[in-house]
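One structure below.
The values are calculated or read from the model by the stated rules, or taken from the named source; none is laboratory data. Model, not experiment: these values are computed from the prediction. Counting neighbours? That spans all protein chains shown, and the Cβs are built from the backbone with ideal geometry, glycine included.
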Amino acid sequence: MGRINDLEKLGQAIWLDFIDRKLLAEGGLKKLVEEDGVTGVTSNPSIFEKAMGHGNAYDAELAEFDKANPGASAMERYEHLAIQDIQAAADTLRPVYDRLNGKDGYVSLEVSPYLANDTDETAAEAERLWTAVDRPNLMVKIPGTPAGVPAIASAIDKGVNINVTLLFSIEAYKAVALAFVEGLEKRAARGEPIDRIASVASFFVSRIDTKIDDAIDTGTGGDEAKALKGKVAIANAKAAYAWYQDFIQSDRWQALAAKGAMPQRLLWASTGTKNPDYSDVLYLDTLIGRDTVNTVPPKTLDAFRDHGTAAETLSQDVEGAKKVLADAERLGLNLQGVTETLVEEGVASFSKAFDDLLASIAAKHPAEAT
């Protein structure tokens, strides 16, 4: 038992923000689950691009698939590889899922980032991936864009577990939380079970500080704003968690909870520290709270295992967090504008990674496999 295991006692789950064939084949994920208490895995186009687009770990499997499926598109080839990895990760996590009665033990797979602004296509893609992976502990990732919100409600209504990604603002988070509830209510109204439908709302953290700090460094807010460096993202997350705590006490949520519904947990994403002047465990130490998840890159997980601090911090000094947000607004740091920009950049970044991924797969031929 170590620092990472201690987080479970505080009600926080740790997921690994990484997946590749080597980690799965050599038992690396199984070891993290058994020794550190890791209870989930997240993937995204950038992670798969690094895993599949570089090296030859997937080449033999790709050659085999190509032989059986001549003329397959790069997208079909990618999905074949990705689904195998996701299924293997889900199977590794299945004992966690069973032990916790569906409250954890999930692996996430993202819908195509090309669909971020198309509600109907996103909803259809979520259902298709859910069927293709065929694991109860899958979460399909849907971006929390305006077009994504109704797709989330639709997917939940169909019984698909959903990881809502690319959330930066509290208002966007509220919209997807209510979409989750709407989906559950529609199922309940038909008399269908809602006790095994899981969702997380992935609230991105470090990228906010990067943007805000850059604005401060270029003079926005003057000298007074310098005291806010490295604080706005954490304050924003604390405010989101405070809203969550209030919402799960509401009559609307309690009616669903009485029917066995599990709350949509907040998940802290982008928790690797970008600024070398900050602690490498800043976005773990400061965001520990009950009914939350922190999805962590391997390097940051190692750092927390070595020198992180497991203590309830998320609900501490909420008034101080509110003051940070108020001061940021007063000083012209434009958090709302920053969060809107980050959503656009996030969609573009994942699309670019997907472009690169598909291009690298398209360039691989059976003769090149080893």
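Given the structure, is ARG187 basic (Lys, Arg), in a helix (DSSP H, G or I) and within 30 Å of ARG128 (Cα to Cα)?
Values: basic (Lys, Arg): yes; in a helix (DSSP H, G or I): yes; within 30 Å of ARG128 (Cα to Cα): yes.
In short, yes.
Determine, yes or no, whether LEU301 is surrounded by 13 or more Cβ atoms within 10 Å (Cβ to Cβ), hydrophobic (A, V, I, L, M, F, W, C), more than 30 Å from GLY55 (Cβ to Cβ) and touching a strand residue (DSSP E or B) at 6+ places or on another chain (Cβ under 8 Å).
Values: surrounded by 13 or more Cβ atoms within 10 Å (Cβ to Cβ): yes; hydrophobic (A, V, I, L, M, F, W, C): yes; more than 30 Å from GLY55 (Cβ to Cβ): no; touching a strand residue (DSSP E or B) at 6+ places or on another chain (Cβ under 8 Å): yes.
When the stated conditions are applied, LEU301 does not pass them.
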Within the group ASN137, ASN163, ASN117, which residue is in contact with a Ser or Thr (Cβ under 8 Å, 6 or more places away or on another chain), in contact (Cβ under 8 Å) with a residue 24 or more places away in the chain and surrounded by 18 or more Cβ atoms within 10 Å (Cβ to Cβ)?
ASN163
If GLU34 passes every condition in (1) in contact with a helix residue (DSSP H, G or I) (Cβ under 8 Å, 6 or more places away or on another chain); (2) at negative phi but one, which one does it miss?
(1)
Among ASP66, ASP104, ASP91, the single one that is in a helix (DSSP H, G or I) and under 22 Å from the mean Cα position of the chain (by Cα) is ASP91
Let me spell it out: the conditions are (1) farther than 26 Å from ASP291 by Cα; (2) modelled with pLDDT under 95; (3) out of contact with any strand residue (DSSP E or B) (no Cβ under 7 Å at 6 or more places or on another chain), and ALA116 meets all of them except one. Which number is the exception?
(3)
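Might you check whether a residue that is at pLDDT 90 or above, assigned to a helix (DSSP H, G or I), among the β-branched types (Val, Ile, Thr) and farther than 25 Å from THR131 by Cα occurs anywhere in region 77-87? Outline the logic, then answer.
Step one: filter region 77-87 for residues at pLDDT 90 or above, giving 77-87.
Going one step further and asking which of them are assigned to a helix (DSSP H, G or I), we end up with 77-87.
From what is left, the residues that are among the β-branched types (Val, Ile, Thr) are 83, 86.
When the remaining residues are screened for being farther than 25 Å from THR131 by Cα, the result is none.
No, that holds for no residue.
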So, of the residues in region 346-362 that are of a type outside the set (Gly, Ala, Ser) and over 16 Å from the mean Cα position of the chain (by Cα), which turns out to be nearest to THR122 (Cα to Cα)?
PHE354
Answer yes or no: is there a residue in region 266-274 that is part of a helix (DSSP H, G or I), buried (at least 16 other Cβ atoms within 10 Å of the Cβ) and out of contact with any helix residue (DSSP H, G or I) (no Cβ under 8 Å at 6 or more places or on another chain).
no
Among the residues of region 8-16, is any among the aromatic types (Phe, Trp, Tyr), in a helix (DSSP H, G or I) and surrounded by 19 or more Cβ atoms within 10 Å (Cβ to Cβ)?
no
Scan region 1-24 and report the pairs whose first residue is more than 18 Å from GLU312 (Cβ to Cβ) and whose second residue is among the polar types (S, T, N, Q) and part of a helix (DSSP H, G or I), with Cβ atoms within less than 8 Å and a gap of 6+ or a chain change.
LEU24/THR92
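For every residue, the table says whether it meets (1) of a type in the set (A, V, I, L, M); (2) touching a strand residue (DSSP E or B) at 6+ places or on another chain (Cβ under 8 Å).
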| position | (1), (2) |
| --- | --- |
| VAL107 | yes, yes |
| GLY148 | no, yes |
| SER154 | no, no |
| VAL160 | yes, yes |
| LYS174 | no, no |
Unmet requirement for VAL96, which otherwise passes all of (1) assigned to a loop (DSSP other than H, G, I, E, B); (2) of a type in the set (A, V, I, L, M); (3) farther than 30 Å from ALA363 by Cα:
(1)
Filtered residues of region 22-45 (kept if buried (at least 18 other Cβ atoms within 10 Å of the Cβ) and outside any loop (DSSP other than H, G, I, E, B))
LEU23, LEU24, LEU29, LEU32, VAL33, ASP36, GLY40, VAL41, PRO45
